[in-house]
Amino acid sequence: MKYLFFAILLISPGFCYAQSGDQDTLLTNLTNSIHRTAEFDQEKVEGIHRLQKSLQSTNVNDLQNNFRLTEMIFEEYKVFNYDSAYTYSRKLLNIARQLGDSDHLATAQMKTIFILLSTGLYKETFDSLKATSVKNGTALQKAEYYTLWARYYYDVAGYANDNYHSVDYDIVGSRYLDTALKYYPAGTFEQTYYSGLRYFKQGKIDSASSFFISLMDKAVMTPHQYALTASTLSGIYQQRGNINKAIELLVKATEADIRSSTKETVAIFHLAELLYKTGHLKQAVICIESAIANAESYGARQRKLQASSILPLIEGERVNGIEAQKHLLVQYATVVSILLLLLVILIYIVFKQVSKLKHAQLLLTQAHHRQQEVNKQLEETNRRLEESNEKLEEANKIKEEYIGYFFNTDSQLYAKLEKIKNTLLQKISERKYEEARFFVDKIDPKKEKEELLENFDKLFLKLFPHFSEEVNKLLHPSDPIRLRENELLNTDLRIFALIRMGVTDTDKIAQILDYSVKTIYAYKTKMKNRSIVPNEEFEAMIMKIKTL
């Protein structure tokens, strides 16, 4: 169940980053995880405390159960804290001696050797390995024993770090690893990982990478196994010159170490070194400081030596960076001072120009106001001219219509008079006086007057076809003018039709319509009282009715 939990953690988006390829994002997330180190460590400590309570509650005579729980606590401490791990490895030795069982004793001895090797006590490791025998041990104990010998020589080779002794140490380590691989079951993590490591130490990186890649593709690994695999595979990519991929794998390995509270680790040291070389000084400092804190927390002597070789380089680069920044700041300060002086000069020039512009703007504003006043006057003049033109156009239309009408009427009247004159003269010359009188009696002035008014109505409605509707709009809806059938205009409308034609003199209107002045006034007053507009405005509204 524990491995399954870590497997899910490893393939989760927040842990494995899903091949994002975004180095900046990877480093940002790593920085966040480093800042959460105390949180992960607290979870680790709480788990250890639960195991310790279980051990304390176990019967001291139940040696098998005591050995099992002590071994579990040791496994939690072995990459977390050297002192505690060593203490529990000694307890394992004591319990194993009490049990008198060679298998338990070999197991306890190899756990002690693991701790000595992890903390960099190489002489003590060598002596302990020489003093330990797995002749009658299980295959797994033999595999672990020879693997510790291989690790011992590989670590000593790394500690020597030269082109002479390191090569010999690596050769001896590979021989021990060959022996260890005979005892590991096929397909296990250890058999696959150490097979790849053997090829890697031999310089056969293509063969080695296939083993590590197959492990990375596995769904289930402990965080420590994942970190170990990713860290080693990063070395292969580094040799191939793919630094970005190497950094990506080291970031993942470091993430796994942080989340599993693994303090004895090399991944973060190698990551700090690569980040330093690629110019990521800020992240390199964070990593090396975290690595030093891990080494201090665990008590790993060889890791402290590693840090002492990398830290001065990073700090030196930081100092150089700070000096460069200081020099750059001096240059910036000089440039800013010059720009500030130029800015003051520019402000003065702008101020002078602004003053001139303000004066010019004032003059323009005044001219604009005068122009607006002139425009308003022109607009008013144009409006009046338009009104005058409309009135003139309307007057011309009315004049044309009525001149034509009166010429036609005069012509007809002249023809009638000529006919009457000739007829009367004929009758008189023939002494037919009774017929002449009869002919005169047939003349009907009232009918002639009605025809005249009817012709006036037709001509007026030709010019103002909607006059009746427009007048009704000025009256109360409940009291409109209603014309009789076939009636064009009635007396009310005819009075205001004459006013619309420009005949405003009441005497003339009375004369034309053959009414008294008093009657005309009565009609006008009656109409105004029916209107919805003030009486004094009624005639003005009549004058606004448009011709066709």
Task: Residue ID - farthest from Ile545 (Cα to Cα), chosen from residues in the range 421-463 that are modelled with pLDDT of 80 or more, outside the structural domain of Leu513 (by TED's automatic domain parsing) and part of a helix (DSSP H, G or I) - done: Ser429
TODO: Scan the range 252-289 for residues that are of a type in the set (Lys, Arg), surrounded by fewer than 22 Cβ atoms within 10 Å (Cβ to Cβ) and not in a helix (DSSP H, G or I) and jot them down.
DONE: none
- [ ] Taking Ile512 as the residue in question, decide whether it is modelled with pLDDT of 90 or more and surrounded by 12 or more Cβ atoms within 10 Å (Cβ to Cβ).
- [x] no
TODO: Quick one: in the range 98-123, of everything that is assigned to a helix (DSSP H, G or I) and β-branched (Val, Ile, Thr), which residue is surrounded by the most Cβ atoms within 10 Å (Cβ to Cβ)?
DONE: Ile115
Task: Residue count, the range 33-43 (criterion: in a helix (DSSP H, G or I), closer than 15 Å to Glu255 by Cα and either among the polar types (S, T, N, Q) or in contact (Cβ under 8 Å) with a residue 60 or more places away in the chain (or both)) - done: 5
- [ ] Could you look through the range 180-237, keep only residues that are assigned to a helix (DSSP H, G or I) and of a type in the set (Val, Ile, Thr), and pick out the one that is surrounded by the most Cβ atoms within 10 Å (Cβ to Cβ)?
- [x] Thr229
Open item on the list: Given (1) under 21 Å from Lys447 (Cβ atoms); (2) surrounded by 17 or more Cβ atoms within 10 Å (Cβ to Cβ); (3) modelled with pLDDT under 90; (4) of a type in the set (Lys, Arg), identify the lone condition not met by Arg494.
Closed with: (3)
Task: Identity of the residue in the range 141-169, at pLDDT 90 or above and among the charged types (D, E, K, R), that ends up surrounded by the fewest Cβ atoms within 10 Å (Cβ to Cβ) - done: Lys142
Open item on the list: Tell me yes or no: at least one residue of the range 111-121 is touching a Gly at 6+ places or on another chain (Cβ under 6 Å) and touching a residue at least 40 places away in the same chain (Cβ under 8 Å).
Closed with: yes
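The values are calculated or read from the model by the stated rules, or taken from the named source; none is laboratory data. Nothing here was measured: the structure is a model prediction, and the numbers come from that model. Cβ atoms come from the backbone with ideal geometry, glycine included; neighbour counts cover every protein chain shown.
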